[in-house]
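Notes follow the structure.
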Amino acid sequence: MVRTQRLLALLVVVALALAVVPGSAAADTRAGDSVVVGENETVDGLTAFGGSVVVHGTVDGDVTALGGTVVVYGTVTGDVTALGGTVEIDDGGVVRGDLTAAGGAVTIAGRVGGDVNAAADTVTLTDTAVVAGTLSYDGDLVRAPGATVAGGVVQDSFGVGPFPSIPDWVGALSGVVSTLVVGALLVAVLPGFTDRVADAAVDAPGRSALSGLGFLVFAPITLVLIAFTLIGIPVTILGFVAYAVLLTVGFVAGNYTLGRYVLSIREMENRWIALLVGVLLVAALDLAPLVGGLVQLAVLLVGVGALVRALVGAYRNRRDRRNGDADATPSNEPTA
């Protein structure tokens, strides 16, 4: 639970960096299903958004990339900031500056001339990896015997100083308490809306999960693209704040939905017990290897999707009522 929350926060931070990194406006900006710098191609800096971002040639400057897969086969003379499902520096790839990467998996098989800051489920250094600076990472580190890190390896630093070692049970307990606190606020302040979110999740869990997946993936891409429009960076920053809030509330709503469903099997109805049962059940399942991660993901997707669907439904209902009130307004014209 703690690692998932920490990684999510780091992903949002990296995505924000993609929007505001200095010099991005002057770089070559590309977007599409597949963004490729060709083998014999040289560009002056690169900002890229796509299903895959691949650098075969040379980027003379910095690279900022958001994609499902980000791979550097060629040479980048500056820094690389990348957010993707997979981020890789190939064994022939060279990054002369720093590498900042976040994703499901970060792999370094080539050379990095500066520091590496990586947040991922798995950070891998192969036998051919060479890092001239410091490797700071969050996640599981897999380091081959031949990998070279000249500046040493630090876990959980990310440039903000060392963190004290915290027992896993303390982190797990803090996650349970924070989820209960947010859930209690939802149930106390917005009980009806919270029930509508849970109903949407229970009635159509598959549709809710797909809606959650779409929001999870496409909302950050949209917000980063907005940074290059007239309304620009302020809207993007506010959008990412709202995005983080919706993910948090959606996860809590997913816990509440699970608890409410369990109580319905016993033909019980109690919002507070449903919240407690859901949070404790998810926390217990999180202790199981592999299963815990899948449960966390499922709860997040269903909860976020149901929340988004409920918000859209509430907006449409309000719009329809407003239109209906306008149509029902009597005319001031005198009758014959």
The answer for the stretch 70-133, accessible area per residue at 1.4 Å probe in Å², is 29
So, in nm, how far is label V217 from label I265 when the simple model puts each one 7 Å beyond its Cα toward the Cβ? 3.1
Take the solvent-accessible surface of the protein heavy atoms, probe 1.4 Å, and return the percent of it on the stretch 60-108 that carbon and sulfur atoms account for. 41
The long-range amide H neighbours of A65, using H built 1.01 Å from N in the peptide plane and a cut-off of under 5 Å, are A48, T81, A82, L83
FRET efficiency, 1/(1 + (r/R0)^6) with R0 41 Å, evaluated for S34 and T148 via beta carbons: 0.80
E41 versus A188: modelled label distance in nm, points set 7 Å from Cα along the beta carbon direction: 5.6
A 1.4 Å probe over the protein heavy atoms gives the stretch 194-295 a carbon and sulfur accessible-area percentage of 72
Residues V235 and L287, FRET efficiency given R0 of 41 Å [Cβ-Cβ distance, rounded to 0.05]: 0.50
Pairwise FRET efficiency - L294 versus S178, Cβ, R0 = 22 Å, nearest 0.05: 0.55
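The values are calculated or read from the model by the stated rules, or taken from the named source; none is laboratory data. Fair warning: this is a prediction, and the values are worked out from it, not measured in the lab. Every residue, glycine as well, gets a Cβ built from its backbone with ideal geometry; the counts of neighbours run over all protein chains shown. For the accessible areas, the whole protein counts, side chains as well, though only heavy atoms, and no ligand, DNA or RNA atoms are used. Shrake-Rupley method; radii C 1.70, N 1.55, O 1.52, S 1.80 Å.
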